[in-house]
Amino acid sequence: MKKLEKVKNIHFVGIGGAGMIGIARVLLQKGYSISGSDINFSEELEKIAKDGAVVFHGHCKENIDGADLLVVSSAIEADNPELIAAKNKSITVIPRAEMLGSLMIGYESIAIAGSHGKTTTTSMIAKIFDVADLSPTYVVGGKVLSTNENSDLGKGKYLIAEADESDGTFIHLQPDVAVLTNIDNDHLVHYNNIFENLLDSFVTFLENIPFWGYVVMNGDDSDVLKVSKRIARKMITFGEKTDCNYVIRNIESKGGSQNFTIYDSKNNSKYDFLLNLPGKHNVFNASAAISVALEEQIGIEKIRKAISDFSGVGRRYEKHKVNIESKKITLIDDYGHHPIEIRCNLNGIKEEYPNKKICMIFQPHRYTRTAQLFDDFVNVLMMADCLILLDIYSASEKPIKDISSKRIVESIIKKGHKDVTHLKDGDDIIDFIKLKKDSYDILVTQGAGSISKVCESIKNG
């Protein structure tokens, strides 16, 4: 951070993004002067403003007055007036990941990458290190429910952060330890829709690890193993395969909780854990976190306590109790927007609530993702007993011909689903779910766009 001290006033363009606001908050806690702009205003932005940041609603060139440095979100277009003004004033502009990389300097850093499970795994590692009294600094892409924050400046030597591959900028990070949860065909637009380019990016990211560091990776994931064969770093594997360093055994699920065992092949030891989250994918997330903790010599009882106490992350299988026309309903809000993530969520719900009828409100995210994975979306959405599709959240993308929520609905109906509806926006949702209340027991809001507002509307009645 020594060289960063030459910079005093840092402006975040698109500060409201989960990764952006987390970094901004840590820098604010470190004593930097922080400002930022966003077209949307949220509770998190109100909070950071109260803490001392200057937050502008909307983008204009005057917002950057006095800034020494601009940090820009990947969602920001090149014609943004603040970026243009920065260029005219010769102010340095860097991506979010480069700022995070600078923040890591001076810490023993742990970065968690992968297509799915990053946020949960990062939060679990932060929880373990906190329970172990190591006071970590952490930056997570979601709100940790136990703290109600997505970042915090700790007093210890560790910095734990989520590494986002969506725009390729995670190659700016040089962590001491990297975790690779899995690799899937997501965010391919940045990679010219070529999966091999995505694999290349993960290789570059892992090759940034210094010689004293190591990689913790999913030994059951075939594409992770492809990447592992291309790097020359110390590798620690977890998974159900017997040749992993940390072998997952004896998964038993009951009532939304899971018991499982980790076999430590190096020490010929077995450790039993209780995880109060459903879904096999969460056992894998927990196993990644446990593997890091064991490698960092954290005591097993501290790890056990942290895993059993872990209450989850905001919008990752986040549960609420609501009343729909006097009927008590469990509302589950989930950020997952890829077919694999949706399947994991639905499997977790069916595991925790067997024989209960599920109504899912889903908002597809991005035209490109919907086009690339159209058939996968159709197949996984068939799993819901009742399905409501909102229009695609564009995330600033231009529409693609013949790609729409209406077409997804038509394809699902052709496959035989009897209860699927397309609603153009969230305005009619409340009335519709009241009308349908007798056809479901569990209500799910699913997606990464504005659907979180639908969840809030349902909660507020």
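Since every read-out is calculated from the coordinates, none of them should be taken as a lab result. Just so it is clear, the model here is predicted, and its values are computed rather than measured. Because the Cβ atoms are built from the backbone with ideal geometry, glycine has one as well, and the counts that use them run over all protein chains shown.
Three principal axis extents of region 107-309 based on alpha-carbon atoms, in descending order, are 43, 38, 34 Å. Calculated mean residue ellipticity at 222 nm for the chain: -9500 deg cm²/dmol, from DSSP H runs with n ≥ 4 weighted as -39500 (n - 2.57), summed, divided by the residue count and rounded to 500.
Proximity of backbone amide H atoms, modeled 1.01 Å from N, is registered between Ile324 and Ile329 at under 5 Å, excluding neighbours fewer than 5 places apart on the same chain.
With bins 10 Å wide beginning at 0, the percent of Cα pairs of region 3-95 falling in each bin runs 17, 57, 25, 1. By the rule of a C-alpha distance below 13 Å, with chain neighbours fewer than 8 residues away ignored, the aspartates and glutamates paired with Lys89 are Glu62, Asp65, Asp68. Would you compute the Debye intensity of region 83-170 from its alpha-carbon atoms alone, equal scatterers and no solvent, and pass along log10 I(q)/I(0) at q = 0.12, 0.23, 0.26 Å⁻¹ to two decimals? Treating every Cα as an identical point scatterer, log10 I(q)/I(0) equals -0.41, -1.11, -1.31. Between the C-alpha center of region 76-95 and that of region 290-339 there is a gap of 38 Å.
Under the rule a/c < 1.5 gives rounded, and otherwise a/b versus b/c splits prolate from oblate, where does region 203-311 land using the Cα gyration tensor? Prolate, since a/c reaches 1.5 and a/b exceeds b/c. The loop-placed trypsin sites (Lys or Arg not before Pro) in region 110-161, going by DSSP, that have at most 15 neighbouring Cβ atoms within 10 Å of their Cβ come out as Lys155, Lys157. Bridging of Lys270 to lysines at a Cα separation below 25 Å is possible for Lys127, Lys234, Lys241, Lys254, Lys280, Lys302, Lys305, once same-chain residues fewer than 8 apart are set aside. When restricted to Cα atoms, region 318-459 yields an Rg and a Dmax of 14.0, 42 Å, respectively.
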